[in-house]
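Here's the structure we're looking at; comments come further down.
The values are calculated or read from the model by the stated rules, or taken from the named source; none is laboratory data. Bear in mind the structure is a predicted one, so any value in this text is a computation, not a measurement. Positions of Cβ are generated from backbone atoms using ideal geometry, with glycine treated the same way; all protein chains shown enter the neighbour counts. Note: areas computed on protein heavy atoms with side chains; ligands, DNA, RNA excluded. Shrake-Rupley method; radii C 1.70, N 1.55, O 1.52, S 1.80 Å.
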Amino acid sequence: MNSIFDYVFFHFQRLYHLPSPLEVSYGLDGRSRVQITPTSSAFLEGQQPHPGALVWKDWRGTTIPLFFDENIDRPWFTQDNQGQVIVHFDVVASAFYLLSGWQEFYSTERDEFNRFPYRASVQNLHGFITKPIVNYYLEILREAVSLAYGQEIKPRLWSGRPFATCLTHDIDYCQSAWKVAGKPALQQGNLQLFFRLAQQKLTGQDAWFNFSQVAQELQHLNAKGTFFFLPETDTYEGHPNADYDVSDPRIQKEVKRLAAAGHEIGVHGSHGTGSNPRQLQTEREKLPLPVSGNRFHYLRFDPVKTPAVLEELGFAYDSTLGFPEHYGFRNSYCHPFRLFNFKDRRMSPVWELPLNLMDVTLNHPKYLQLPPQEVLPAITPMLEEIIKFHGTFTLLWHNENFSPYGLKGGLQMFREITGFLQERQTGFFTAGEVIFQVR
Ligand SMILES: [Zn+2]
């Protein structure tokens, strides 16, 4: 049971300015200033993906689920006459269950890309994908500590900013706009457009070869972005990888130029690399500079194999964990967190920067199909949760969606979302900068 408490407590300590020394015990030891009542359930000693029935309990106007408690009539916590505070619900076990990705590791449900599907998740089954439930549990714990120590406990902020935003860009395609947009143009008899696209391509400036345009958008926000380059061109089991060769001097020049301007570069592990450390390392070494972060193409994270691959290669962070099918909180947490190594039952040294929203999710025929004007209203409740908990918002916007030949209204949507964040005083950071601040 200790590895469970240690894992949750590690993250708790990173959220708040806590009293030191701090006495919190997992179990009723009769001594510690805060004591958490552990569940009598043996679920976390087994290998089932989903606990049975869950219960819902109100916390300051929000109803939140508890996975390992039954009687919800008691208050969340009470103080006895010696000043000791007893938490009556096992928020530790519930937090561990969600944050560690337990359901993904023990479930055998997988989609065609060997990904854990959103439809099989407790977030979908119980409708809380846009609530960072683990943050609520830790807030309850904070209040218990606050009561026991008789002092207000402040959250950690982001270089003085109330919440962090991480703008990320996966570079899958940068030289085939002429083909993708040109073919329908030709079919529709729009020769003018076709020739313009072909001309751009011939002069070496395909409409998707738009790194300077993306950098300019970031410049307007006074932000630095994180660019994940895909160093594999061969298709994999019929699925496309990059349309460019990252060792091409033209691309290498762009990568170096972005890095010199203060943007961060990461590797975009190709299909299959989530279970193939040798291949992932080969790809990483094709980049013209050393990188410490990764995101997998198609968000292909194998819950059983991938954490060990990232750990073996010494990556500082990964930023794959978001559901492609839905925006929100895949691990029910709005801060970076350390992955959990189930095989060894310990915390992994690798950080996860959870992905909250990918552009593709918004209009892919298999995912959501939101018209552009409905996007910001739809995601605002999620953003409000991040703001409330002083968390991190990670956005993936592909470079082609800054051009007129990608997601319809893509550039406008990017500006609307980032404008909203700017109005709310966010701090823009690269992925590495975010991890550096929490670790
Ligand atoms: Zn990709």
Task: Of every Cα-Cα pair in the stretch 131-226, the percent that sits beyond 20 Å - done: 64
Task: Selected from Ala378, Ala223, Ala177 as most flexible by GNM, with the chain as the system and alpha-carbon contacts under 10 Å - done: Ala378
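Would you mind computing the Rg to Rh ratio of the chain from its alpha-carbon coordinates, Kirkwood style for Rh?
Rounded to two decimals, Rg/Rh equals 1.00.
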Open item on the list: For the chain, give me the percentage of DSSP beta bridges that are antiparallel, rounded to the nearest 5 percent.
Closed with: 35
TODO: Using only Cα atoms, find the angle between the long axis of helix 249-260 and the longest principal axis of the chain, and express it within 0 to 90 degrees, rounded to the nearest 10.
DONE: 40
- [ ] Might you report the magnitude of the Cβ-based charge dipole of the stretch 2-149 about its Cα centre, with Lys and Arg at +1 and Asp and Glu at -1, to the nearest 20 debye?
- [x] 320
Task: Sum of -39500 (n - 2.57) over DSSP H runs of 4+, divided by residues of the chain (222 nm, nearest 500) - done: -10000 deg cm²/dmol
- [ ] Please identify, among Gly182, Gly238, Gly27, the residue showing maximal mean-square fluctuation in a Gaussian network model of the chain using a 10 angstrom Cα cutoff.
- [x] Gly238
Task: Accessible area expressed per residue, the stretch 1-139, with surrounding protein chains retained (probe 1.4 Å, Å²) - done: 43
Task: Gaussian network model of the chain, Cα within-10 Å springs - most flexible of Leu197, Leu357, Leu186 - done: Leu186
Open item on the list: Can you return the lysines within cross-link range of Lys179? Criterion is Cα-Cα under 29 Å, with same-chain partners fewer than 8 residues away left out.
Closed with: Lys201, Lys253, Lys256, Lys286, Lys366, Lys408
Open item on the list: Just to compare against my own numbers: the Cα pair-distance distribution for the stretch 2-149, 5 Å bins, whole % per bin, please.
Closed with: 2, 9, 19, 22, 20, 14, 8, 4, 2, 1, 0, 0
- [ ] Between Ala260 and Lys183, take the C-beta separation as r, use R0 = 45 Å, and let me know the FRET efficiency to the nearest 0.05.
- [x] 0.80
Open item on the list: Under a Cβ-only charge scheme (Lys and Arg +1, Asp and Glu -1), can you give me the dipole magnitude of the chain about the Cα centre, in debye to the nearest 20?
Closed with: 740
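Shape verdict for the stretch 31-95, please, from the Cα gyration tensor: rounded (a/c under 1.5), prolate (a/b greater than b/c) or oblate.
Details: a/c = 2.78, a/b = 1.46, b/c = 1.91.
It comes out oblate by the Cα gyration axes.
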Open item on the list: Quick check: Cα centre of the stretch 230-270 to Cα centre of the stretch 1-57, how many Å?
Closed with: 42
- [ ] May I ask for the angle, rounded to the nearest 10°, between helix 211-220 and the longest principal axis of the chain, with both axes built from Cα atoms and the value confined to 0 to 90°?
- [x] 50
TODO: Any chance you could look up the accessible area of Lys366 with a 1.4 Å probe, heavy atoms only, rounded to 10 Å²?
DONE: 140
Open item on the list: Using the Cα centre of the chain as origin and beta-carbon charges of +1 (Lys, Arg) and -1 (Asp, Glu), tell me which of Leu98, Cys166, Val145 is placed farthest towards the positive end of the dipole.
Closed with: Cys166
